[in-house]
1. Anything in chain C that counts as a DSSP H helix reaching 18 Å or more along its axis (C-alpha) with Kyte-Doolittle mean of at least -1.0? List them, would you?
2. From the helices alone, meaning DSSP H stretches of at least four residues, give me the mean residue ellipticity at 222 nm for the protein assembly as shown, per-run term -39500 (n - 2.57), in deg cm²/dmol to the nearest 500.
3. What nm distance separates the two modelled labels at residue A:10 and residue A:187, each placed 7 Å from Cα along Cα→Cβ?
4. Taking every DSSP beta bridge with both residues inside chain B, roughly what % is antiparallel (nearest 5)?
5. Ignoring solvent entirely, what values of log10 I(q)/I(0) come out of the Debye formula for chain A at 0.15 Å⁻¹ when each Cα is a single scatterer?
6. On a straight-distance basis, which aspartates and glutamates could pair with residue B:419 in a cross-link, Cα separation under 16 angstrom, same-chain partners fewer than 8 positions away excluded?
7. Counting pairs of alpha carbon atoms under 8 Å apart in space and at least six apart in sequence, what relative contact order in percent does region C:3-319 give?
8. If I measure Cβ to Cβ between cysteines in chain A, which ones have no partner under 4.7 Å?
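The values are calculated or read from the model by the stated rules, or taken from the named source; none is laboratory data. Just so you know, these numbers come straight off a predicted model, no measurement behind them. Note that each Cβ is placed from the backbone with ideal geometry, even for glycine, and that neighbours are counted across all protein chains shown. Side chains included, ligands, DNA and RNA excluded: accessible areas come from the protein's heavy atoms. Shrake-Rupley method; radii C 1.70, N 1.55, O 1.52, S 1.80 Å.
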Amino acid sequence: MDLGELVSCVGSLSCLVTQVSAGLTIGLLLFLVASGLTLIFGVLGLVNFAHGTLYMLGAYFALSAYAATGSFLVSTLAGTLGVATFGLLIERTLFRRIYGADVLMQLLVCYALILIMDDVVKIIWGGDFLKMDMPDTFRRPPFIIGGGIVPLFYLVLFGVTLAVALLLALCMGRTRFGRTVRAAAVNSTMVASLGVNTNMVFAAVFAIGAALAGLAGALSAPIRSVVPGAGVSILIESFIVTVIGGMGSIGGALVAALLIGLTRSFGSIGFPLFTEGLMFLMMAVVLLLKPSGLAGKHPA
Amino acid sequence: MMLKTHPGGPSRRGILMASAGLGAVAVTGFPMIASGQGRRPIRIGMPTILSGRVAQLGISSRDAVLMEVDKFNAEGGLDGRPIEMIIRDSRGVPAEAARLAREMISDGVDILFDGEPSSGGFAVHEVVRETGTLTLHINTETSAMSADPRQRFWNAFRVARQGIHDSVAGGVYAAEIVKARNLRRWMTISPDYAYGRDTTAEFVEYLRYFTPDVQVVGETWPKLFQPDYTENVTRLAQGRPQAVYSCLWAGDLVAFVEQAALYGLFSQSQYFAVNMADYTTLKQIKQLPRGVHSGNRYLSSYPPQPANAAFARDYNRRFNNYPTNWAWQAATAVHLTTAALKKVGGTDPRQLAAALKGLTIDSPFGADGKVTMRAEDQTLVGYAIGWGTTIPTEPYVEGIQTANWSQIFQLEQEWKKGKGWA
Amino acid sequence: MSRFSGWRGDVLVALIAFSLVAALSLGVGSHALIDFIIRLGIFGLLALSLNLLIGTAGLVSFGHAAFFGSGAYAFGLLMQSGGWSVPAAVLAALTGSALLALVIGVLCVRLSEIYFAFLTLAFQMLIHSMVISWVSLTGGDQGLMGGIPKPPFLGVELARPAHLALFSAFCLALSAVLLRQVIRSPFGVALRMLRDNPQRAAFLGLSVFRYRLGAFVIAGTFAGLAGVLMALYVSGAFPTFLYWTTSGEALFMIMLGGIGTFLGPILGAAVFLFLSDRISGFTEHHGLFFGAILLLLVLGLRKGMLDWAVDAWRARGKGRGV
């Protein structure tokens, strides 16, 4: 523990700028994965233990697209849309059969999917860890703001993830589709009786959730190594986010993800060996005091 | 994944026999071994990691073994007896490695190549301590395996580089640069598990041994499988060190380098990354920063010997990939084993062990063209260790300074005494 | 079921099974068979204990390996510290695992099943991470090194594989008898009622929390025993023991054998080990094979082999009008 270091950091503008900008960026990336998880859970009642696999696929799709075209835009779109398509595919073939099934069934199907996809990825892209390139424009020296360091690429990540978060909030809050989805989350039978094709709604929600995970994978591929099995650690973090935020709540997930991002970035200064423990501690505290999460409506 | 040298390993044979209604025979053992004693192949079992996160290293170890074994067989083997490799995937699970070793031993292998890193390596070590099978550990770098007398027994040998050797060599090299550039404020970023902690502590110890006024002003320890290093990178940025040490490796090192480069850290401090100079890492870093100090894991240009370059070329041609640190170690295991086999003329484990002890052979990977299996603790010495700085293109590392083995021996002995091991 | 087939019947069946295994391992004496019996004892016990949670209590734990690991590490550390006899260290390791299960259980069992599955997973990952980081105690990623001493007790020499196989089979048989009594007891009846009809259970004034916590601790303790056997088998303890993949494999075994039949998990463990050895013998893509098998089982058969066999038998019996 190094509280003196932490105090002096909070007291210095340069340290604050660096840590806050890094924490928010990492938090927003995490939010993309967690929001898909929480959305799928809220509407479909499915705990997608294979969500990390979607993140991993996004990274691989982006990597191949970038190698082929050299365009960051194309690679991001490929990651997002590719995983959305893949999500649609597994929703129609696998998950559709287990809606309403007990948790054991859901867990086992996801577990099987993780096992299969880790190997499929290995067959297609090889078992080696890979690294996606990034455009030279992003490689310029970092901005110095108030003495703090902010790399251009992190600013790009911040901008894109924030825009997607806002778009998601708008889509869920203000559009007809969003209202249908929210209604389906509460009572899908009633929505179906109103003549809405709930099958379509479910498929769309799963595809959107998958697309968000794919986007996160695609965006982080240039700065993280891409490797079979990369989904698991992301899965655990995003689960922590959804538990703290409240299962099914997108707003809660946003708050929790930013909280985790900042905990990580300041934790590495104040509690270098206990940063991970801090996240679990936060989760345990939330579970003990408010089991439904910060913004949860579903009773646990 | 039974391999090309000899199709149809024991398990497949077991299935065939069982399905032919000979279930009882298959259960009691593999009597096929008994037949044809005269020209029976020398069978070597090898558990290693062929799937999961470390698969690329295990695969390179397997490939190098196959390449060298094929060479030995093509030259007529041991009086016409070829070597047959039985290579199985442990998936990186130590218990599975131990089980595979046991299974291979009960299937009657003559020699075991343990292709596991330290965790699985110690698991296999315990198995062969009980069975007395001649075993060459080819990827265990943890010094304690051979340095600690309690871990030693007659039938286990290590054919791998060793943490303490690397730390001494790195300390000597870094101390020179510290003196030349007056680098006093250091930070470290290393993985938060046994390898990272031990290696970092040893490096710092030897750095201080040569330059006592060096200060470590901060440490940051990423977790195993941590996907993102931003928090560790910003921690380094806050500390404003003059030099940074890291023993991150492979995918973790690549991710760290990319993120640190975006934060402009490489222009602020001198970096010492002991595991950088390995092709799996060098090839994946898209814009390799210039001037990062690194030890050689495996480089085709170092040691600068025709035999080493030829090894890399053959390997590259056959597997369309580059050798790794695990590849040269595996090849060396084959070289030592075949030399001992020829000396003994048979596969008696006691005789082979006696032949291996103190054996010196010509090697493409030796500091002066030779490597030795040191008799006293049955571990490999004399392999080439060098430190240099990175450049963005082939050969990736320049200005390599070769470590001095007599200095390594001297400090290693002092280190052992300090631990109560010598 | 007749009055004579209570615990006496179970003991009888266990004794017969144990004698058969003993005769087999001592008589045939093949290394491969002895190894298989040891591993069947380990994983059969792990799967059986997990099924107390899943099959009986309806609590889907994805973190059962945490207690498997705690048993292995506690036992290994005690034996390495010297001065402990095997039975004493086993008891201490089981107590340790029970305590760990109590702590994690208090946090987890109050929650709905979805949270429960995830939280057990998360705590297991936390413990895994702690074991990796606490190098001075656990040896970190390299595991407990240097072997585990196995001093003989009561004429049992666990350093000899045949003895370990018998000990392992004995532990499995004894645990199976004990677990079966737990399931038959009023406590087990209450667990099933909580699973199938929580309203009625609440109406009867049963404390969901206490009963589930009880089941969680019992299951964790038996998983700890499986861990002890594992530590004896590999002469060490490794972080993979408590990684999520080990929990996944235990779930797989249960699904393979059947959750509705008491002996299903043991059959599942046996089939899993057999398949695992065969599949990793001819391919590096065992995940692909196992995943496909699992999908077929879950989506096709929808139950394990023994469940399926029992149901088929009953259906046949009905068809004949018996």
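1. Once both thresholds are applied, what remains is C:7-28, C:31-51, C:65-81, C:86-108, C:113-133, C:161-184, C:208-234, C:244-257, C:264-282, C:305-319.
2. Result for the protein assembly as shown, helices only: -20000 deg cm²/dmol.
3. Here the modelled spin labels are 4.7 nm apart.
4. Approximately 35 percent, going by the DSSP bridge assignments.
5. -1.22
6. Within reach: B:148, B:198, B:202, B:205, B:377.
7. 31
8. Lacking a cysteine Cβ partner under 4.7 Å: A:110, A:171.
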